[in-house]
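The values are calculated or read from the model by the stated rules, or taken from the named source; none is laboratory data. Bear in mind the structure is a predicted one, so any value in this text is a computation, not a measurement. Here the Cβ positions follow ideal geometry from the backbone for every residue, glycine too, while neighbour counts run over all protein chains shown. For the accessible areas, the whole protein counts, side chains as well, though only heavy atoms, and no ligand, DNA or RNA atoms are used. Shrake-Rupley method; radii C 1.70, N 1.55, O 1.52, S 1.80 Å.
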Amino acid sequence: MESKKLELQVGEIDKDENCVLVWGRADSVSAKSNFLLSTNPDLDKYNLRFYNNKPNGSILNILFFRNCIPALTILVRKDTLLNIGGFKQSHGLPLVDLPTLFELSLKGNFIFIQDVLGVWNHYSEQVTKPIHSKCMKDSISLKRFLYKK
């Protein structure tokens, strides 16, 4: 499926003018051993009902607790991304995916594709590994700010 990822996602986003983002599942693999660690997100019925973000903002029921959207599977509608001012970075977070997802979730629905669209290789030297606790703390700050908003 990975080889047809973009074709599949563009086809889906073109079908729905209210869709601002298309995403899917990703395998997480240990780069050292090539061992499959997990496939995310889960397809349990409780969470699955939020994955298409209908109504707008409903995926926040998950995103406030954990980021279920693998960044390597995301396709964003360009005009929506430009309308929100591009990728967001806030509250000291050294990443843009979570703040941007929060903002996009309020702008339109998402389309979730249940297929695995990519493979995430996990390395012990990844940029966010040594600052994981800082990322968690800063993401809590961002979530509190958005919750109050």
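Is there a residue in the stretch 21-41 that is without any contact (Cβ under 8 Å) to a residue 12 or more places away in the chain and either closer than 18 Å to Lys143 by Cβ or under 17 Å from the mean Cα position of the chain (by Cα) (or both)?
Yes: the stretch 21-41 contains one or more residues that are without any contact (Cβ under 8 Å) to a residue 12 or more places away in the chain and either closer than 18 Å to Lys143 by Cβ or under 17 Å from the mean Cα position of the chain (by Cα) (or both).
For the stretch 54-93, give me each residue that is open to solvent by less than 40 Å² (accessible area, probe 1.4 Å) and part of a loop (DSSP other than H, G, I, E, B).
Gly57, Ser58, Ile59, Cys68, Ile69, Pro70, Ile84, Gly86, Ser90, Leu93
If I ask for residues that are outside any loop (DSSP other than H, G, I, E, B) and farther than 17 Å from Asn52 by Cβ, which ones from the stretch 1-30 would you list?
Scanning the stretch 1-30 gives Glu2, Ser3, Lys4, Lys5, Leu6, Glu7, Val10, Ala26, Asp27, Ser28, Val29, Ser30.
Mind listing whichever residues of the stretch 104-129 are modelled with pLDDT of 95 or more and hydroxyl-bearing (Ser, Thr, Tyr)?
The answer is Ser105, and nothing else.
List every residue pair whose Cβ atoms sit under 6 Å apart, with the two residues 6 or more apart in sequence or on different chains, where the first one lies in the stretch 69-90 and is more than 27 Å from Thr39 (Cα to Cα) and polar (S, T, N, Q) and the second, anywhere, is open to solvent by 30 Å² or more (accessible area, probe 1.4 Å) and part of a loop (DSSP other than H, G, I, E, B).
Thr80/Lys107
Going by the conditions given, is Asp42 charged (D, E, K, R) and outside any loop (DSSP other than H, G, I, E, B)?
When the stated conditions are applied, Asp42 does not pass them.
When the stretch 23-49 is examined, which residues are found to be surrounded by 11 or more Cβ atoms within 10 Å (Cβ to Cβ) and in contact with a His (Cβ under 9 Å, 6 or more places away or on another chain)?
Within the stretch 23-49, Ser28, Val29, Ser30, Ala31, Leu37 qualify.
Restricting the stretch 1-22 to residues that are among the hydrophobic types (A, V, I, L, M, F, W, C) and in contact with a strand residue (DSSP E or B) (Cβ under 6 Å, 6 or more places away or on another chain), which is most open to solvent (accessible area, probe 1.4 Å)?
Met1
Of Leu75, Leu81, which residue is touching a Ser or Thr at 6+ places or on another chain (Cβ under 9 Å) and under 23 Å from Asp16 (Cα atoms)?
Leu81
Within the stretch 94-114, which residues are surrounded by fewer than 16 Cβ atoms within 10 Å (Cβ to Cβ) and more than 13 Å from the chain's Cα centre (by Cα)?
Hits for the stretch 94-114 are Pro94, Leu106, Gln114.
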